[in-house]
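Structure record follows, encoded as structure tokens.
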Amino acid sequence: MISTLLIVVVVLAIAFDYINGFHDAANSIATVVSTKVLTPFMAVLWAAIWNFAAYFYFTDHKVANTIAKTVLEEYITLEVIFAGLVAAISWNLFTWYYGIPSSSSHTLIGGFAGSGMAYAWFMGANPVTAVNQSAILKIASFIVLAPVIGMIISIIITLIIMNIAKKTRPATAEKWFKVGQLISSAGLSFAHGGNDAQKVMGIIATALIAEQVIPDFEAMPAWVPLSCYAAIAAGTMSGGWKIVKTMGTKITKVTPLEGVAAETAGAATLGITEHFGIPVSTTHTITGSIIGVGVVKRVSAVRWGVTISLLWAWILTIPVSAILGGITLAVIHFIL
């Protein structure tokens, strides 16, 4: 018998995936819009197509499995998952409204972990024991590592491209870089879909296991990944223009050459981390990549004040989401 709460949790999870799409659309379209390679509408359509295309390639679901194991099984209930999703959606909408490119991935992880810890506390257990500490440590470390890796790769790619194209006529180079941006933005959207859709898959699978609808993660029904990829693609189609402005123009001015380098670096970083099942932030990754192309020009080309503000948002996302998750679970606990 499928409970009403399970249906609510699944609907909320898919809603979060949709919000993730329009919140993070800027990650894959900001540079291609700011360089005027595509119009905003064509850019989100292009990104959405490649978000969904990832469904046919990413079939190992390693990232989803990592998310599912964030909270230990004995502390997982539908109420815990519900509270985590409410917290994640609340922080995502707040940061979207104010144009802050925070991590949808980390707000989901933080909300889920926080509600799990609150549940453990209400059960008389040590809250810290409710979470998979090695998984949380790995995820937290990539708050720093993902943008650094993206920045290093983007610097290398930019230098290689500049060396190859130094004897090419500027008009010809500009034409080829604009074509290159179509390819690199597609690659970034593809990697974004593959990485981020899996996070919600992990949450839905956890809910189905908690209600004994399925015995384990491997038995996840086919409708789960299909609906998650469709939701994130639909969300991307809805855009996220406030964050596009921050990502595409406020960090550093991006040319088509630099757009190719940044997007390729972001896609490469996401591909590597997905291979190892590490749920990293697409936002952090592409921000680091954009900083990298700016640094190649000169250090002062990067607006470090904007970057520091973003860093604070990154640092606060997991703890704030965890607190929101804990408070939501507490409200549910006292009401019920």
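The values are calculated or read from the model by the stated rules, or taken from the named source; none is laboratory data. Quick caveat: nothing in here was measured; it's all calculated off a predicted structure. As a convention, Cβ positions derive from the backbone with ideal geometry for all residues, glycine included, and neighbour counts pool all protein chains shown. Ligands, DNA and RNA are excluded from the accessible area calculation, which covers all protein heavy atoms including side chains. Shrake-Rupley method; radii C 1.70, N 1.55, O 1.52, S 1.80 Å.
Quick look at the numbers
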{"item": "Residue pairs meeting the criteria (Cβ under 9 Å; at least 6 apart or on separate chains; first free of Cβ contacts under 8 Å to residues at least 40 places away in the same chain, in region 87-102; second in a loop (DSSP other than H, G, I, E, B) and small (Gly, Ala, Ser))", "result": "Phe94/Ser102"}
{"item": "Scope region 202-236; condition of a type outside the set (D, E, K, R), surrounded by fewer than 17 Cβ atoms within 10 Å (Cβ to Cβ), without any contact (Cβ under 8 Å) to a residue 24 or more places away in the chain and outside any loop (DSSP other than H, G, I, E, B); matching residues", "result": "Ala219, Trp223"}
{"item": "Residue satisfying all of: in region 263-304; polar (S, T, N, Q) and open to solvent by 10 Å² or more (accessible area, probe 1.4 Å); modelled with the lowest pLDDT among these", "result": "Ser300"}
{"item": "Any hit, region 124-140, residues being in contact with a His (Cβ under 8 Å, 6 or more places away or on another chain), open to solvent by less than 20 Å² (accessible area, probe 1.4 Å) and under 20 Å from Gly277 (Cβ atoms)", "result": "yes"}
